[in-house]
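Please read the structure below before turning to the comments.
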Amino acid sequence: MFDLTDKVAVITGAGRGIGRALALEFARAGARVAVVSRSEGTSAETAALINGERPDTAVAYAVDVADSEAVAAAGKQLIADFGAVDILVNNAGITRDGLLLRMSDDDWDSVLATNLKGAFLMTKALQRSILKRPEGRIINISSVIGLIGNPGQANYAASKAGLIGLTKSMAREFAGRKVTVNAIAPGFIQTDMTDALPDNVREEILKKVPLGAFGTVDDVTAAARFLASPAARYITGQVLTVDGGMVM
Ligand code: NDP
């Protein structure tokens, strides 16, 4: 089900957390995978995990997605290494939380640069290749925070809401070539990012989840694998929340 055999998938932020799980899942679905993360160590670890299961399936790239020149160079390298790209998952993301009153320009700029501009740059670098593919797919990992906001996360919420606008515009631009563009908005998923939250904040969040539990990375990868597969060919410009019912 939801087979990705012979596809090439580029996953950003694949050094840890949701991105690493996406890279492993897409490889298990049959895709060859470009594992992109900021640091060389984490992307190499993910690629080694994948190649341990399926030899010669993954290649690691250390790229800062917010760096325009680095992304353009990586895009060329990726296409040279894999021949073509079918699927791009813009997953790299960071938080720099704080109340607006105390938020520095740097906190704002760095979050917008990675979470929003990074998706724009990666798409620009790979779009020519993706648009030529018969079943091209772009998936942007947004967040429920982009839909409902959150005190202390104005920068993050703006970046994730921006990703939704970007998704819908790209979906309209690329529809003529049958390339679909969708966003996934996870709720609270257990990863390094959410492990950093204090217990009382976690308990408060849990009260707002109708299904009564935090999500796992597998909940997100299942949705992404579906959207990346031929089965989702008639779905574009959508935001799929994976949040235990937090936002409905
Ligand atoms: P993690 O913090 O566990 O991992 C983030 C990954 O992104 C790392 O591999 C990191 O690289 C990479 N990354 C960060 N900045 C850059 C950059 N500038 N260039 C390239 N790679 C970068 O995050 P999660 O797995 O929790 O989150 C993944 C995505 O899902 C994010 O976009 C996040 O906003 C979103 N999300 C997460 C939720 C959650 O509950 N966890 C909920 C909703 C959305 P490195 O390994 O090198 O540090």
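General observations
- Antiparallel DSSP beta bridges within the chain, as percent of all bridges there, nearest 5: 0 percent
- Order by protection proxy (mean Cβ within 10 Å, highest first), peptides 2-14, 45-57: 2-14, 45-57
- The fraction of all Cα pairs in segment 138-248 landing in successive 10 Å bins from 0 to the largest distance is 14, 43, 31, 10, 1, given as whole percents.
- Inter-probe distance in nm under a simple model that places probes 7 Å from Cα toward Cβ, at Ala72 and Glu53: 3.6 nm
- Residues Tyr61, Tyr234, sorted by accessible area with the largest first, give Tyr234, Tyr61 [1.4 Å probe; ligands and nucleic acids excluded].
- Cα-Cα over 24 Å, subset of Lys117/Lys208; Lys7/Lys160; Lys76/Lys168; Lys117/Lys168; Lys168/Lys207; Lys7/Lys124: Lys117/Lys208; Lys7/Lys160; Lys76/Lys168; Lys168/Lys207
- A protection proxy built from the mean count of other Cβ atoms within 10 Å ranks the segments 177-183, 18-24, most packed first, as 18-24, 177-183.
The values are calculated or read from the model by the stated rules, or taken from the named source; none is laboratory data. Computed from a predicted model, the values in this text were never measured in an experiment. As a convention, Cβ positions derive from the backbone with ideal geometry for all residues, glycine included, and neighbour counts pool all protein chains shown. Ligands, DNA and RNA are excluded from the accessible area calculation, which covers all protein heavy atoms including side chains. Shrake-Rupley method; radii C 1.70, N 1.55, O 1.52, S 1.80 Å.
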